[in-house]
1. Could you go through region 78-93 in sequence order and give the Karplus-derived ³J(HN,Hα) for each residue, using 6.51 cos²θ - 1.76 cosθ + 1.60 with θ = phi - 60°, rounded to whole Hz, and x for Gly and Pro?
2. Using r as the Cβ-Cβ distance of S86 and R23, and R0 as 30 Å, what FRET efficiency do you calculate, to the nearest 0.05?
3. So who's got an amide H within less than 5 Å of the one on S128, skipping anything under 5 residues away but keeping other chains? H placed 1.01 Å off N, in plane.
4. Which whole-Hz couplings ³J(HN,Hα) result when phi for each residue of region 102-112 is put into the Karplus expression 6.51 cos²θ - 1.76 cosθ + 1.60, θ = phi - 60°, listed in order with x for Gly and Pro?
5. What are the semi-axes of the equivalent ellipsoid of the chain, taken as the square roots of 5 times the eigenvalues of the Cα gyration tensor, listed largest first and rounded to whole Å?
6. Out of residues 5 or more away from G133 or on other chains, whose amide H comes under 5 Å of its own, with H placed 1.01 Å from N in the peptide plane?
7. For D136 and S112 in one chain, what is 0.36 nm times their gap in residues minus the Cα-Cα distance, to one decimal in nm?
8. Label 7 Å along Cα→Cβ of K123; region 71-86 residues with amide nitrogen under 16 Å?
Amino acid sequence: MEILDLYDKDLKPTGQTIERGQRVPPGLMIPIVAVYVYNDKGQYLIQKVAPRKGNYYSTTAGHVQSGEKDFAMAMLREMKEEIGLSATKSELKLVKIRRYDYKFTLLYMLKSNVPAEMLHLQKEEVDSVSWMGHEDIERLCKQGLFNMKHYQFLLDCEERLQNKR
């Protein structure tokens, strides 16, 4: 049983919790973290979600667990658990906070050139990982195989990368 902390619309903790999967009360939100890992070739580390979890493509993401007050640390935990990728908090760059009905997603970027075959996948969550270019991801979107919210996250990250140049 996974417990999640509830936040108000200003991302302040309320002191309330729910079980994952329970309906979030009106006016409250749960935090989600997501990261786009990119390399020197302009590719992104994309995972194929395990068949029992949906069998679609996305970037690494997950729920912030109850008691995790540092969202960047929650992102580092999710990366380590799901794909075996370690990084430091200073390597993560917050790109944007996106709000949806009852959740908000903190989107991060991380630069890494780790070979995909060197990663240790959590088989209950992740079927495979591979480095893909924007065109590959777009093709998966057109086929209905890529999480569309995560595609919007990619556009957010690419905008951030463009602004850094």
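1. 4, 4, 5, 5, 7, 10, x, 9, 9, 7, 9, 4, 5, 7, 6, 10
2. Numbers: r = 35 Å, r/R0 = 1.16.
Computed FRET efficiency for S86 and R23 comes out at 0.30.
3. Distant-sequence amide H within range of S128: K48.
4. Residue by residue, region 102-112 yields 10, 8, 10, 10, 8, 9, 10, 10, 8, 8, 7 Hz.
5. Three semi-axes, in Å: 25, 17, 16.
6. When sequence neighbours closer than 5 places are left aside, the close amide H contacts are Y44.
7. Working: separation 24, 0.36 × 24 = 8.64 nm, distance 1.90 nm.
Length gained between D136 and S112: 6.7 nm.
8. 82-84
All of the numbers you see were taken from the coordinates with simple rules; none came from a lab. It should be emphasised that the depicted structure is a prediction, and the values quoted were computed from it without experimental measurement. Cβ sites come from the backbone with ideal geometry, for glycine too, and all protein chains shown count toward neighbours.
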